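Scroll down for the structure; my scribbles are underneath it.
The values are calculated or read from the model by the stated rules, or taken from the named source; none is laboratory data. Remember, it's a predicted structure, so these values are computed and weren't measured experimentally. All Cβ positions, even for glycine, are placed from backbone atoms using ideal geometry, and neighbour counts span all protein chains on display. Keep in mind that these areas ignore ligands, DNA and RNA; they rest on the heavy atoms of the full protein, side chains included. Shrake-Rupley method; radii C 1.70, N 1.55, O 1.52, S 1.80 Å.
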Amino acid sequence: MGHELLDSVEKQYLKPQPPELGIGDTVDVHTRIIEGEKERTQVFNGVVIARRGHGINASFKVRRIVANQGVERTFLLHSPRVLMVDVKRHGKVRRAKLYYLRDRVGKARRLKERRRVRTVPATTAVAESPAFEAPEPVGAGGPA
Amino acid sequence: MISALLGTKIGMTRVHDAKGAVTTVTVVQAGPCTVLQNRTAERDGYDAVQLGFGDVKPHRSTLPSIGHAAKAGTGPKQHLREVRLEGPSDVAPGDVVTVEMFEDGVTYVDVTGTSKGHGFAGVMARHGFGGQQATHGVERKHRSGGSIGGNSNIGTGRGVKKGKKMAGHWGCDRRTQQNLKLVGVDRDRNLLLIEGSVPGPSGGLVFVRKAKKKG
């Protein structure tokens with residue numbers, strides 16, 4: 001959709017290697033928090049329930065439960081405030097948007113783990129992630 | 001020293017700084033503009049520079065405009081615009097001016113363009129009126145503006161107030177947005193990044209100049 005000149009402007013602000021994450025993944029999002037002079041890293045742990053946008057506008061939503069209350073945060077994929085996204089486990093899902101999780105309570109909130117890691121085209125990523133992950137025992141999945 | 005250019009609105013996007021603060025910007029491809037003529041106080045009564053922007057094929061142009069541009073040693077231009085100056089011009093016909101003029105000391109700009117055309121629009125779209133109720137006996141008047149004036153006003157010579165907001169043609173007007181922050185200048189691709197929105201559609205002609213009222 002974009003104009004080539006627009007793309008060339010956006011390109012300067014894109015991360016060369018944006019974090020790789022899929023819908024249903026349980027992730028740790030490391031964010032930079034700047035409080036006046038001080039700077040620290042905060043980790044937001046949860047399930048990726050949606051991705052939207054492309055280019056500089058790409059963002060993703062992470063949902064977690066804090067004190068029995070659902071919390072969702074939207075992150076810009078290319079923001080310098082998102083330092084790192086650590087994928088803890090892959091969820092087995094059949095939707096692009098997991099908004100149905102909002103209506104789920106307790107154990108129903110869990111997602112089955114996808115055992116076979118999606119084949120990643122980047123050669124570096126394949127070396128890091130083994131083709132198979134040991135299946136976790138039933139009951140350990142999902143955010144607490 | 002002129003500080004104005006003709007350009008094309010490319011579109012909008014967003015940029016962020018190292019801390020992650022996001023700014024919405026409009027990308028404008030401004031210039032390069034060719035100086036076609038200088039107006040001088042002694043000959044014309046005022047000092048100004050005539051800028052030309054965008055090339056036209058000579059066979060699609062007219063002989064007068066070809067001749068006018070030839071005096072500056074260039075081909076015919078699509079858009080001409082005069083820029084008033086405080087004193088005598090420091091550029092000569094044939095000189096090319098680019099976004100470099102905005103690199104030093106310009107932090108705010110005014111942008112003039114032709115706003116997007118909306119055609120004949122009703123009062124709800126054009127002026128943000130609330131319309132009328134969906135029920136309670138309202139018939140065929142749900143988007144109407146309501147009363148435009150009372151009977152008692154007629155005898156006193158007032159009637160419908162002047163400037164009463166009504167339905168009508170909306171858009172396609174010359175509009176100037178003042179004091180927009182200049183976020184970035186890309187000399188290689190003749191781009192200006194201007195904070196916020198500027199009048200007109202993407203691809204439309206805009207006139208960018210140093211802000212009149214601010215730094």
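Test of understanding: among B:159, B:203, which residue is within 14 Å of chain A (Cβ to nearest Cβ) and open to solvent by less than 60 Å² (accessible area, probe 1.4 Å)? Matching residue, one of B:159, B:203: B:203. Only one of the listed residues (B:63, B:85) is modelled with pLDDT under 90 and out of contact with any Gly (no Cβ under 7 Å at 6 or more places or on another chain). That residue is B:85. Quick one: is residue B:167 open to solvent by less than 80 Å² (accessible area, probe 1.4 Å), among the hydrophobic types (A, V, I, L, M, F, W, C), away from every other protein chain (no Cβ under 14 Å) and in contact with an Asp or Glu (Cβ under 7 Å, 6 or more places away or on another chain)? Answer is no for this residue.
The residues of region B:180-200 that are closer than 16 Å to residue B:13 by Cβ, assigned to a loop (DSSP other than H, G, I, E, B) and open to solvent by 20 Å² or more (accessible area, probe 1.4 Å), listed by number, are B:189, B:196, B:197.
The combined condition, being under 30 Å from residue B:143 (Cβ atoms) and either out of contact with any Pro (no Cβ under 9 Å at 6 or more places or on another chain) or open to solvent by less than 80 Å² (accessible area, probe 1.4 Å) (or both), is not fulfilled by residue B:106.
The listed residues are A:65, A:23, and the only one of them that is part of a strand (DSSP E or B) and either within 11 Å of chain B (Cβ to nearest Cβ) or not aromatic (Phe, Trp, Tyr) (or both) turns out to be A:65.
Only residues that are without any contact (Cβ under 8 Å) to a residue 60 or more places away in the chain and open to solvent by 40 Å² or more (accessible area, probe 1.4 Å) were counted across region B:109-130, and they come to 10. The residues listed here are B:75, B:54; of these, the one that is in contact with a Ser or Thr (Cβ under 9 Å, 6 or more places away or on another chain), away from chain A (no Cβ under 14 Å), surrounded by fewer than 18 Cβ atoms within 10 Å (Cβ to Cβ) and in a strand (DSSP E or B) is B:54. Here's a check for you: in region A:68-81, which residue that is polar (S, T, N, Q) and within 14 Å of another protein chain (Cβ to nearest Cβ) is most open to solvent (accessible area, probe 1.4 Å)? Among those residues, the one meeting the criterion is A:74. Considering region A:7-20, the residues that are free of Cβ contacts under 8 Å to residues at least 40 places away in the same chain, open to solvent by 20 Å² or more (accessible area, probe 1.4 Å) and assigned to a helix (DSSP H, G or I) include one that is farthest from the other protein chains (Cβ to nearest Cβ), namely A:11. On inspection, residue A:51 passes the criterion of being open to solvent by 30 Å² or more (accessible area, probe 1.4 Å), more than 14 Å from chain B (Cβ to nearest Cβ) and touching a residue at least 40 places away in the same chain (Cβ under 8 Å). No other residue among B:133, B:177 is surrounded by 12 or more Cβ atoms within 10 Å (Cβ to Cβ) and either in a loop (DSSP other than H, G, I, E, B) or within 25 Å of the chain's Cα centre (by Cα) (or both) apart from B:177.
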